[in-house]
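Colleague: The structure's right below; bear with me while I get my questions together.
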Amino acid sequence: MNDGIVNSSHIVKTQKGTFVFQRLSEIFDERTIQDYQDVQSYLRTSGLHVPVLLQSIYGKPFYRNSNLWRVFEYIPNDGFPKPTPDTTFELGRTLGKFHRIMNASNFKPRFSLDGFHDTKRKISELEVAYNDKKYKEKHEKLEGEYQFIASRIENHYLPENLEKTIIHGDPNFENFLIKDGKIISILDLDTLMEASPLIDLGDALRAWCKVDNTFNPQLYHSAVEGYNSENPLPYDKSLIKKSVGLITLELAARFLTDFFHESYFAWDPSKYESSSDHNLDRTRSCLQYYNGMSKEFFKMGF
């Protein structure tokens, strides 16, 4: 187990049991872990399971050497099966429950990633990188990706006056544990932030409805239905669809920015010659997915 593109996670079996050891990215600090400590008991007593964060022998919920480490209990699960309408319904229901529970809390995160899910800022950062003369040679590999993102992103910006609550920030499929078709736990609360639930929904639906990089409308409808069963949405359906496109293009912009910078996302040296190449491939995959999703939304009347 080591499938994160930011943190690095490892299942470790010992004489005392099985645990998940996680090395946090340098973008996080001890406040991230303090936030988890603060919120884990509240979520568990409110009926939403999250893994227990374990204490080190020094009495702290982390260990720091040249890196920042933490250890969680290991929760047996069925891995990440191929998404079905039943699983996306359960995912939607769980995310709706998470938003409802957090909306009733007084929790305020100590830690926040500067500019995280600030789409306008991400687009601005991409523009700066694209126009930086020191990256001029990299333009030879591009095929219009920057222009594609810049020409479409404004169609997806959400209203500024939307109600905010504490959202997960990274509700990807891999951050939910499934057992016998049910969600048994929610993971990785490192990106808790105050924002519109539409940001989480857009990110979640982007990720959950993707099968072989193709948008699946049936998975989309079942996920929205699941969310509504636990936390009825007050939004026009067009805003939900707009948010999916927003986060898809935002992610493409982040990958394309790191195509230039090569400083943020982990990359696979067994498949790519450089971080830059991996991030360009990620960008193109996002844009291909966006195109297919847009066609499906058009059929749905959006």
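Colleague: Which shape class applies to the chain: rounded if a/c is under 1.5, otherwise prolate when a/b exceeds b/c and oblate if not, where a ≥ b ≥ c are the square roots of the Cα gyration tensor eigenvalues?
Modeller: Details: a/c = 1.61, a/b = 1.18, b/c = 1.37.
Oblate.
Colleague: Tabulate in residue order the Karplus-calculated ³J(HN,Hα) for region 36-51, using 6.51 cos²θ - 1.76 cosθ + 1.60 with θ = phi - 60°, rounded to whole Hz; enter x for Gly and Pro.
Modeller: 4, 4, 5, 9, 5, 5, 4, 5, 5, 6, 8, x, 10, 7, 10, x
Colleague: So, one more: Which far-off residues, 5 or more places away or on another chain, put their amide H under 5 Å from the one on F176, with H placed in the peptide plane?
Modeller: L187
Colleague: Now for a different question. So how much slack lies between Y63 and F298, counting 0.36 nm per residue of separation and subtracting their Cα-Cα distance, in nm? Could you put the intermediate results ahead of the total?
Modeller: Numbers: separation 235, 0.36 × 235 = 84.60 nm, distance 5.01 nm.
Using 0.36 nm per residue and subtracting the Cα-Cα distance, I get 79.6 nm.
Colleague: Would you mind checking region 183-206 for residues with the amide N under 15 Å from a putative spin-label position 7 Å along Cα→C-beta of D38?
Modeller: 189-195
Colleague: Skipping prolines and chain starts, which residues have an amide H placed within reach, meaning under 5 Å, of the one on V211, given they are 5 or more residues away or on another chain?
Modeller: N216
Colleague: Full-extension gain between T18 and D180, please, as 0.36 nm times their residue separation minus the C-alpha to C-alpha distance. Each step should come with its number before you reach the end.
Modeller: Numbers: separation 162, 0.36 × 162 = 58.32 nm, distance 2.06 nm.
Working it through step by step, the gained length comes to 56.3 nm.
Colleague: OK, next. Extension gain I75-S285, at 0.36 nm per residue separation less the Cα-Cα distance, in nm?
Modeller: 72.4 nm
Colleague: When you count, for each residue, the other Cβ atoms within 10 Å and take the mean per peptide, how do 23-36, 268-281 rank with the highest first?
Modeller: Packing order, densest peptide first, comes out as 23-36, 268-281.
Colleague: Hey, rough spin-label estimate for V211 and E262, points 7 angstrom out along Cα→Cβ, what's it come to in nanometres?
Modeller: Distance between label points: 3.8 nm.
Colleague: Which aspartates and glutamates, if any, have their Cα less than 14 Å from the Cα of K210, not counting same-chain residues under 8 positions apart?
Modeller: Excluding near neighbours in sequence, the set is E174, E296.
Colleague: Using per-residue counts of other Cβ atoms within 10 Å, averaged over each peptide, order 210-218, 290-298 from highest down.
Modeller: Highest-to-lowest ranking by the protection proxy: 290-298, 210-218.
Colleague: Please identify every one of the GluC sites (Glu not before Pro) in region 86-181 that sits in a loop by DSSP and has no more than 14 other beta carbons within 10 Å of its own beta carbon.
Modeller: Counting only loop positions with at most 14 other Cβ atoms within 10 Å, the GluC sites (Glu not before Pro) in region 86-181 are E143, E160, E163.
Colleague: A further question on this structure: List, in order, the whole-Hz ³J(HN,Hα) value for each residue of region 136-141 obtained from phi through the Karplus relation with A = 6.51, B = -1.76, C = 1.60 and θ = phi - 60°; use x for Gly and Pro.
Modeller: 4, 5, 5, 4, 5, 8
Colleague: When a/c reaches 1.5 or more, the comparison of a/b and b/c decides; with that in mind, is region 48-199 rounded, prolate or oblate per its Cα gyration tensor?
Modeller: Working: a/c = 1.75, a/b = 1.48, b/c = 1.18.
Taking the square roots of the gyration eigenvalues as a ≥ b ≥ c, region 48-199 is prolate.
Colleague: How many angstrom separate the Cα center of region 50-109 from the Cα center of region 254-302?
Modeller: 26 Å
Colleague: Could you tell me which of A129, S46, Y58 has its Cα farthest along the dipole of the chain towards the positive end, charges placed at Cβ (Lys, Arg +1; Asp, Glu -1), taken about the Cα centre?
Modeller: S46
Read-outs: derived from the displayed coordinates by stated rules, not from any lab. Everything quoted here is computed from the prediction, not taken from an experiment. Glycine also receives a Cβ, built like all others from the backbone with ideal geometry; neighbour counts cover every protein chain displayed.
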